[in-house]
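Please read the structure below before turning to the comments.
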Amino acid sequence: MTALVTIKDVVKGYVRGKQRVEVLHGVNLEVRERDFLALMGPSGSGKTTLLNLIGGLDKPDRGEVIVAGERLDTLSSGKLAKWRARHVGFVFQFYNLLPVLSAERNVEVPLLLTKLSGKQRKQNVRAALELVGLADRAKHKPAELSGGQQQRVAIARALVSDPTLLVCDEPTGDLDRESSEAVLELLELLNRDHGKTVIMVTHDPRAAEHASRLLYVDKGVLSAEPLGTAA
Ligand code: ADP
Ligand code: MG
């Protein structure tokens, strides 16, 4: 199957004051279409930095980032924003729902940037909420939902524009075991039955078991084994 994501010799650092701290030191990665990849590693190792490059939220200092056939590292920020809206759904640890909006309004937000009519938007929102099993909570505000339900609304929002790729940064990091399982089973379903490619950062080995592939990030380097276990 073709590669959906190709990362070539990517270097990325941040400037703090007069100092540049390098976070990714020449990362190479290929993710095929319909993969479910889990990324694990200690905090501060560069996992979020890598996800943000894959999702087109940020650009590398050096190297190539090619996702869904597009060279993201050379796109202008305007084009990158348009590309993101079409190709990527983001899921974050703390859901990032707007507290004053109902579940259905939250899910509708990404569609406000599209040319869809109000009626089409409503249909797509409905379908996304049904897919995550929360059609009956459409009118609820985030504060009226459990953490697990809020995360499922956030997943509906990530899905509603039918992106190729779901990028999930510790999606179960704030959930109890039961809600985590529900969220992970949902990601698995989206991967298996709806053709979504999923890239998920997690600290939880049980969460990683839901993925079809596991890689470790340590101090800005990717490997197939956790650091210290290599022969
Ligand atoms: P992880 O997600 O694995 O915990 P991150 O990718 O968030 O790691 O961060 C890697 C390193 O880069 C950390 O040392 C962090 O402090 C630093 N960092 C991340 N984002 C920024 C930023 N916007 N500005 C400066 N330093 C950053
Ligand atoms: Mg992180």
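The values are calculated or read from the model by the stated rules, or taken from the named source; none is laboratory data. Fair warning: this is a prediction, and the values are worked out from it, not measured in the lab. Please note: Cβ atoms are built from the backbone with ideal geometry, for glycine as well, and neighbour counts cover all protein chains shown. With ligands, DNA and RNA removed, areas are computed over all heavy atoms of the protein, side chains included. Shrake-Rupley method; radii C 1.70, N 1.55, O 1.52, S 1.80 Å.
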Restricted to the stretch 35-46 and to residues being open to solvent by 10 Å² or more (accessible area, probe 1.4 Å) and over 19 Å from L184 (Cα atoms), the residue nearest to ligand 2 (Cβ to nearest atom) is S43
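Which one is nearest to ligand 2 (Cβ to nearest atom), of the residues in the stretch 9-34 that are part of a strand (DSSP E or B) and open to solvent by 90 Å² or more (accessible area, probe 1.4 Å)?
Residues of the stretch 9-34 part of a strand (DSSP E or B): 9-16, 19-32.
Next, from what is left, pick out any that are open to solvent by 90 Å² or more (accessible area, probe 1.4 Å): 9, 15-16, 19-20, 30, 32.
Numbers: D9: 22, V15: 19, R16: 17, Q19: 21, R20: 20, E30: 22, R32: 24 Å.
So, considering only residues that are part of a strand (DSSP E or B) and open to solvent by 90 Å² or more (accessible area, probe 1.4 Å), the one nearest to ligand 2 (Cβ to nearest atom) is R16.
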Of all strands (runs of 3 or more DSSP E) fully inside the stretch 160-231, the set with 2 or more residues that are over 16 Å from the mean Cα position of the chain (by Cα) is 213-218, 221-223
Inside the stretch 18-65, the number of residues satisfying the requirement of being within 15 Å of ligand 1 (Cβ to nearest atom) and among the basic types (K, R) is 4
Scanning the stretch 77-117 for residues that are of a type in the set (V, I, T), surrounded by fewer than 18 Cβ atoms within 10 Å (Cβ to Cβ) and within 24 Å of D174 (Cα to Cα), the one farthest from the chain's Cα centre (by Cα) turns out to be V100
Matching residues in the stretch 118-136 (open to solvent by 60 Å² or more (accessible area, probe 1.4 Å) and of a type in the set (S, T, N, Q)) number 2
